[in-house]
Amino acid sequence: MRFKIINTVIILLLFAGLVLAIFGFTSFWYVLSFIVFYLLFLLTVSTNVRFNFFVNSISENPGIKEKQIAISFDDGPVENTLEILKVLEKYNAKAGFFCIGKNIKKNPEIFRKILTKGHLVGNHTYSHTRKMGALSVSTIVKEIEDCNKIAEETAGIKMKLFRPPFGIVSPKTKKALQKIDMLSIGWSIRSFDAVLSSEEIILNRIKKRLKPGAVILLHDNNAKTVNILEQLLLFLKNNQYEVVRPDKLLEINAYS
Ligand SMILES: [Zn+2]
């Protein structure tokens, strides 16, 4: 609703600007700059779940005052997830894994192992398509439901938490989530472990942004994340930070 109102106001302003430009009261360059600025704004809010513009996502818990944070992993379960689980066990840390449906289908044992080790699982769509921003409401619903279905068949759980692939959301994502009663979960610290190559830079990004109630985003399908996680857990331990499972940190229910 909020987006519809803003979009209508912007279109009316653009129309008025065009009329003024046609009659020589303003320059077409101003109107063009305005269009570019608005498109950049839309690109920013649709690729950053934290802004809560199109969809209300829970990305951190600002109410937490103790040194507690949560770690979440996207894109598994894959073989590398087993290495991540070993490191988490070594430091007795519980995390959240937002799984891709087709990976659950390929690696059901690993999916079950995540759960038996006491971690949380959530929905990261069935196919993890890059076209998320362009999908219809019914296709988004199908992507989420197909992932929920395979998770239930594999481990008998009904997932309630959803993390949008690439952090891309649109008004259609909001409608889809309302339709199937799923909760969007974001992050407050994006590590860029799937993009950046330097482990040091990735770790420093996380350390700099660390604060009570934060949710860190990592990727368990990334080989170098194993070492990054070990370094991170060591840093957290040395700085008296406690790693709390995301549902506990965010005070929400992960399953229905
Ligand atoms: Zn992803």
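The values are calculated or read from the model by the stated rules, or taken from the named source; none is laboratory data. For clarity, every value in this text was computed on a predicted model and none was experimentally measured. Cβ sites come from the backbone with ideal geometry, for glycine too, and all protein chains shown count toward neighbours. Ligands, DNA and RNA are excluded from the accessible area calculation, which covers all protein heavy atoms including side chains. Shrake-Rupley method; radii C 1.70, N 1.55, O 1.52, S 1.80 Å.
Site pair PHE15 and LEU115 shows an inter-label distance of 5.3 nm when each label is modelled 7 Å from Cα along Cα→Cβ.
When you count the other C-beta atoms within 10 angstrom of each residue and take the mean per peptide, 148-160, 24-36 line up highest first as 148-160, 24-36.
Quick check: at a probe of 1.4 Å, how many percent of the accessible area of the chain sits on carbon and sulfur atoms? Write down the numbers at each step before the final one.
Details: 7770 of 13190 Å².
C and S fraction of accessible area: 59 percent.
Once the Cβ-Cβ distance of LYS86 and PHE51 is raised to the sixth power relative to R0 = 35 Å, the FRET efficiency obtained is 0.50. Between LYS179 and THR139, the modelled label-to-label distance comes to 1.3 nm, taking each label 7 Å out from Cα in the direction of the beta carbon.
Hydropathy at least 1.6 by Kyte-Doolittle, axial extent at least 24 angstrom from the Cα trace: which helices of the chain, defined as entire DSSP H runs, fit?
On the way: long enough: 2-22 (30 Å, 2.20); 28-46 (27 Å, 2.18); 137-155 (27 Å, -0.16).
Span-like helices, by this rule, are 2-22, 28-46.
Projecting the Cα atoms of ALA214, VAL169, LEU88 onto the charge dipole of region 58-250, computed from C-beta unit charges around the Cα centre, puts VAL169 farthest toward the positive end. Between the beta carbons of GLU153 and LYS208, assuming R0 = 30 Å, the FRET efficiency works out to 0.10 to the nearest 0.05.
Could you tally the net charge around ASP146, taking each other residue with its Cβ under 15 Å from the Cβ of ASP146, Lys/Arg +1 and Asp/Glu -1?
On the way: positive: LYS102, LYS105, LYS106, LYS142, LYS149, LYS158, LYS179; negative: GLU143, GLU145, GLU152, GLU153.
Local net charge: +3.
Length available on full extension from ASN227 to LYS131: 0.36 nm per residue minus the Cα-Cα distance, which gives 31.5 nm. Ranked by the mean number of other Cβ atoms within 10 Å per residue, highest first, peptides 166-172, 247-253 order as 166-172, 247-253. If you average the alpha carbon positions of region 120-163 and of region 206-256, how far apart do those two centres end up, in angstrom? Result: 23 Å between the Cα centres. From most to least packed by mean Cβ count within 10 Å, the peptides 92-102, 222-232 give 92-102, 222-232. Under a 5 Å amide H cut-off, with hydrogens placed 1.01 Å from N, GLN68 pairs with GLY213, GLU242 among residues at least 5 apart or on other chains. Using a probe of 1.4 angstrom and keeping all protein chains present, the accessible surface of region 2-46 works out to 79 square angstrom per residue.
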